[in-house]
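Worksheet: one structure, shown below.
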Amino acid sequence: MNFDEIKQRAGTFSAKFDVMETFAGVSPEDGIPMWVADMDFSAADCVLDVLREQAEHGYLGYPGPASLVSEAVAGWMKTAHGWDVKPEWISYTHGVVAGFGMALEAFSDPGDDIILFTPVYHAFFKKAAAKRRGVLESELVVKDGRYEMDLAALEGKLTGREKIAVLCSPHNPGGRLWDADEIRELAAFCDKHDLLLLSDEIHMDLVFPGAKHVPTAVAAPESVPRLVTITAASKGFNLAGGETGFMIVPDEALRAKLAPVQLEYGGTPNRFGMLMTRAALTGGAEWSEAVRAYLADNFALWRDRIGALPGIKVMDMQSTYLSWVDFTDTGMSPEETDRRIRQDARIAQSPGADFGTGGENFHRFNLAMPRPRLIEAIERLEKAFGDLQ
């Protein structure tokens, strides 16, 4: 587990490196990718071993029973997150975003609205548009340097078209861990207004040492009759290429509504994604602990140096590896800060405007990289914004 090791990823069929120039105008030859949410670390040995075993065996047919993986998922949820999950509650999707789309189809109709607490993961907007659902944005407010939901303000904006409220937990891009009281308040709000609560918990296994993620189902068990959780091992264990997510639906009536949509999508889970998920959740605990400690140290270094630049605020985070940085007080336009980051520093980041209302003056940076490369990125940004007073 040498996370300081820098390996060549450009030219290896990597979106993060090989699409960077198309996305941001930054060449992988001299650029540093801090946009796509995967880590520049090799996966745990237990994951690599199962892939080697498959390749050596040579037979790559359809996967076996999903129950083998569901047992591993249930075991991990119990030991890592204190959530008693029954295997029959679990179904599999081609990634979490696909599961999000299935939930939109199963629990709303074209023309209905979904509620997004913005700024939030940009793919939610794209999938809602593709499914012809509207979006009601409920802008998060900053209190004591972290985001909070303003449910009173949201209540005044409701039109009656809303069918689903989406909770990103842990929050992307703010790195926020919602506490149990906040989750219960949201669950009560959804009950009052007859909303499905769709909880995206894909970053649940990226919590920094000393902090704790509380699954929505654990914080608010009363929400179960209207709760759908979508998550994966892909973020926490760096398995995104396996495109394997899972939906956990404790309520039988909700599962019955979801089943026809899943049947329409058809197909079977990705063989390698399922095997990687099982391997990570049964043998990857030590790797997970080590990588989370490394990420926390990366963030501390980043926060102390980038946060020291005049006019730049680094939002505190308890989880994920996606740092949310506010450039408002520099007095520069988003276009100017974007130019300096991409053209002067040669860094590909994610512009905050992509994350909805409230993100316009921010940029998101992926810190999941070997520390020597992170230090280089910091030095480039210090130079690019060195004229700030």
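Key figures
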{"item": "Among (1) over 30 Å from M1 (Cβ atoms); (2) touching a Lys or Arg at 6+ places or on another chain (Cβ under 8 Å) - the single one L301 does not satisfy", "result": "(1)"}
{"item": "Which listed residue, of D38, D84, is at pLDDT 95 or above, open to solvent by 30 Å² or more (accessible area, probe 1.4 Å) and of a type in the set (D, E)", "result": "D84"}
{"item": "Qualifying residue in segment 180-188 (condition: touching a Lys or Arg at 6+ places or on another chain (Cβ under 6 Å), within 21 Å of G358 (Cβ to Cβ), touching a residue at least 24 places away in the same chain (Cβ under 8 Å) and not hydrophobic (A, V, I, L, M, F, W, C))", "result": "no"}
{"item": "Some residue of segment 94-102 being farther than 28 Å from D181 by Cβ, open to solvent by 30 Å² or more (accessible area, probe 1.4 Å), out of contact with any His (no Cβ under 6 Å at 6 or more places or on another chain) and assigned to a loop (DSSP other than H, G, I, E, B)", "result": "yes"}
{"item": "Residues of segment 80-92 satisfying the condition of being part of a helix (DSSP H, G or I) and within 14 Å of V207 (Cβ to Cβ)", "result": "A80, H81"}
{"item": "Listing of helices (runs of 4 or more DSSP H) fully contained in segment 238-346 that carry 2 or more residues being open to solvent by 20 Å² or more (accessible area, probe 1.4 Å) and in contact (Cβ under 8 Å) with a residue 40 or more places away in the chain", "result": "252-265, 271-283, 285-306"}
{"item": "Selected residue (criterion: least open to solvent (accessible area, probe 1.4 Å)) from residues of segment 1-35 that are of a type outside the set (A, V, I, L, M, F, W, C) and on the phi > 0 side of the Ramachandran plot", "result": "G25"}
{"item": "Segment 347-374 - residue that is polar (S, T, N, Q) and open to solvent by 30 Å² or more (accessible area, probe 1.4 Å) and, of those, farthest from D4 (Cα to Cα)", "result": "T357"}
{"item": "Counted residues, segment 296-340 - those being of a type in the set (A, V, I, L, M) and touching a strand residue (DSSP E or B) at 6+ places or on another chain (Cβ under 9 Å)", "result": "7"}
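The values are calculated or read from the model by the stated rules, or taken from the named source; none is laboratory data. This is a predicted model, so every value here is computed, not measured. So basically every Cβ, Gly included, is an ideal-geometry build from the backbone, and we count neighbours across all protein chains shown. All accessible areas refer to the heavy atoms of the entire protein, side chains included, with ligands and DNA or RNA removed. Shrake-Rupley method; radii C 1.70, N 1.55, O 1.52, S 1.80 Å.
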